[in-house]
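The values are calculated or read from the model by the stated rules, or taken from the named source; none is laboratory data. In this text, all values refer to a predicted model and were calculated from it rather than measured experimentally. All Cβ positions, glycine included, derive from the backbone under ideal geometry; neighbour counts span all protein chains shown.
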Amino acid sequence: MKNQNSIYFALVIILTTSLACNIGGTAPATPVASQEAVDIDGPPGPETIDAANPALYTVLNAPAYKIETTIKYTGVDTNGGAKEETHFTAVETQTQPQITQHHLFEGDALNMEKVIIGDQLYTLIKGFPCTTSHVSSVQGQNLLDSTLKSMPNLRGNFTEQARRVESGVEVNGFVTDKYELSNEHIVVETGKLIPTFVCVARKGGFITRFEQQEQSKISGTGFDPKQFIDITRISNYIPVEDGSLEIAIPVECNK
C-alpha cells in the first residue's frame, strides 16, 4: 500500500498549482460502564473481526453522514528545527433526494471549501474568488466518487482477523468495541506503521473511527526528507440517521 499521507501533501501542491492555472474535531474516547453499554447497545462484539468484511463499511446506506479526518505531522525541517503540521478535512454528504456535499480542507498551506449541489460545483480557496464548474466534469466526478466512502478502505490491506482490545468505549455518540489491526500485510514505501485501530459501533456494526500512527520519510514538504517523522491519523464516520444535514452555497459564491 502506498503511503496515504503523501497523498495529502500532494493534494496541497496540486490544488495550489491548478489554481494558478485555472468541522468538528475528534472527541476523546470515553469508557462507558459495561452494564450500561450492554443495556443500551447490546453485548460486546466478538473477540476478533474480519477487517475485510464489507458490512463494516456502510456509508452508502446512510441518508446523510459526516467524515472528519485529522492528520498531524511532527518532525524536523530541512534546517534541523522542530516542525509540526496539522491537516483537517471534513466531508458532509446528503444522499436524498439528491447528492449534496460540503468539503472542507484546512492546512498550513491551503484552506479550501467545495460544495456540490446537483451538477453544480462551487470552489472557494482562501485569498481567491469563488469559482464554479460542473460535477459532470472529470474533476467534479472524481471528487464525488472519492468521497462516497466511509473509513479508509482497509479491505485488501488488512486481511487477517483484528483483535478486540477495549469494550464499551463511547465514540461519536456510539458505544463501540475497539480492535487492533495487525500490520503484517501492509507495505509502506518509506517507513513503518505502528498501531492501527478501528472502533466498531455495537448498534449497526460499522466502523465509526479509524486511528493510525506511522513513522515515515516525506520529501518536498518542508520536512527533512532524510529523517523519519511521526504521523497520526484519526478519521471519524458519523451517520446522520434523520438526514437533517443542511448544505448551502458558500456566501462568497452567492456574490
* List the number of the failed condition for ARG209; all other conditions in (1) part of a strand (DSSP E or B); (2) in contact with a Pro (Cβ under 9 Å, 6 or more places away or on another chain) hold. => (2)
* Structure fact -> Filter region 205-255 for residues that are touching a strand residue (DSSP E or B) at 6+ places or on another chain (Cβ under 7 Å) and at positive phi; the one that is surrounded by the most Cβ atoms within 10 Å (Cβ to Cβ) is GLY222
* Asked: Condition test on LYS114, is it farther than 30 Å from ASP77 by Cα, within 17 Å of the chain's Cα centre (by Cα), buried (at least 18 other Cβ atoms within 10 Å of the Cβ) and at pLDDT 90 or above?
  -> yes
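Which residues, counting only those in region 45-66, are in a strand (DSSP E or B) and crowded, with 19+ Cβ neighbours inside 10 Å?
Within region 45-66, ILE49, ALA64, TYR65, LYS66 qualify.
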* Tally the residues that are under 30 Å from GLY243 (Cβ atoms), at pLDDT below 90 and among the polar types (S, T, N, Q), restricting the search to region 40-92. => 3
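Taking region 72-92, which residues are touching a Ser or Thr at 6+ places or on another chain (Cβ under 7 Å) and of a type in the set (Val, Ile, Thr)? Reasoning before the result, please.
Of region 72-92, the ones touching a Ser or Thr at 6+ places or on another chain (Cβ under 7 Å) are 72, 84, 86, 88-89, 91.
Result: THR86, THR89, VAL91.
Restricting to region 154-179, count the residues that are modelled with pLDDT under 90 and not in a loop (DSSP other than H, G, I, E, B). Walk me through how you get there before you give the answer.
Of the residues in region 154-179, the ones modelled with pLDDT under 90 are 154-163.
So of that shortlist, the ones also not in a loop (DSSP other than H, G, I, E, B) come out as 161-163.
Residues flagged as modelled with pLDDT under 90 and not in a loop (DSSP other than H, G, I, E, B) within region 154-179 amount to 3.
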